[in-house]
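Step one of this worksheet: look at the structure below.
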Amino acid sequence: MVYNKFIKALSEGDDAEIDCVCKQITPLLKRHLMLRLSASEMDANDATQQTLLIFYERWKNKPLIKVDNPYSYVITTLRREYYKIQKMHAWTESIEPYVDNSTEPNQLEELLKNDRHGIITNCLAKLNNRNKQFMEFIFENPDASTDVIAKHFKLSQNNVSTRKHRLFKLIGTCVNKNINRN
């Protein structure tokens, strides 16, 4: 039976055999959940994948224990994983009415956002031209590495990190002063 092959492949640590047996056992486990427990295809896929992952990790990290009935052992684990998924679905559905999913813009939030944007723009305007270009480049390229910024401005990486830190600190101080003033 394929369940015996699965347990044997795991106990021997034969990755090629494990892969082959997993391809055979996966549709059987999915079908079991869909027929016996009326699982949706997506839930059956999730539970099956999690079950196989559990077995693989369990036998990779611990010595194998003797299993008298591999079919029962695999199916019991599969059902537990399916019930965990169902429990998570039930919990999610129970809190959904309490979660506010509205996407309407909040007028106050928009005003505050615009106000903050104006304050940051004013603080950037106070910088000298070279520092302003430096910060504009950073804002336009937030994922740029220190190396990329260094090459763009012909600076050392240490100089870029120092300048970036000092300018952010300077702008942060300016923003805090302007916020406290209002």
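Among the residues of region 91-103, not a single one is over 30 Å from D43 (Cα atoms), at pLDDT below 90, under 32 Å from the mean Cα position of the chain (by Cα) and not assigned by TED's automatic domain parsing to the domain that holds D43. Cβ-Cβ contacts under 6 Å between residues 6 or more apart (or on different chains), taken from a first residue in region 145-156 that is free of Cβ contacts under 8 Å to residues at least 12 places away in the same chain to a second residue that is of a type outside the set (F, W, Y), are listed as A150/Q157; A150/V160. Contact map, region 120-137: first residue in a helix (DSSP H, G or I), second residue among the charged types (D, E, K, R) and crowded, with 16+ Cβ neighbours inside 10 Å, Cβ cut-off under 9 Å, separation 6 or more or different chains; pairs are N131/R163; F134/R163. Selection of region 20-78 for residues being within 26 Å of the chain's Cα centre (by Cα), charged (D, E, K, R), more than 16 Å from K8 (Cα to Cα) and surrounded by fewer than 14 Cβ atoms within 10 Å (Cβ to Cβ) yields only E41. Across region 124-144, the number of residues qualifying as farther than 24 Å from K113 by Cβ, modelled with pLDDT of 90 or more and not charged (D, E, K, R) comes to 5.
The values are calculated or read from the model by the stated rules, or taken from the named source; none is laboratory data. From a predicted model like this one, the values you see are computed outputs, not experimental measurements. Cβ sites come from the backbone with ideal geometry, for glycine too, and all protein chains shown count toward neighbours.
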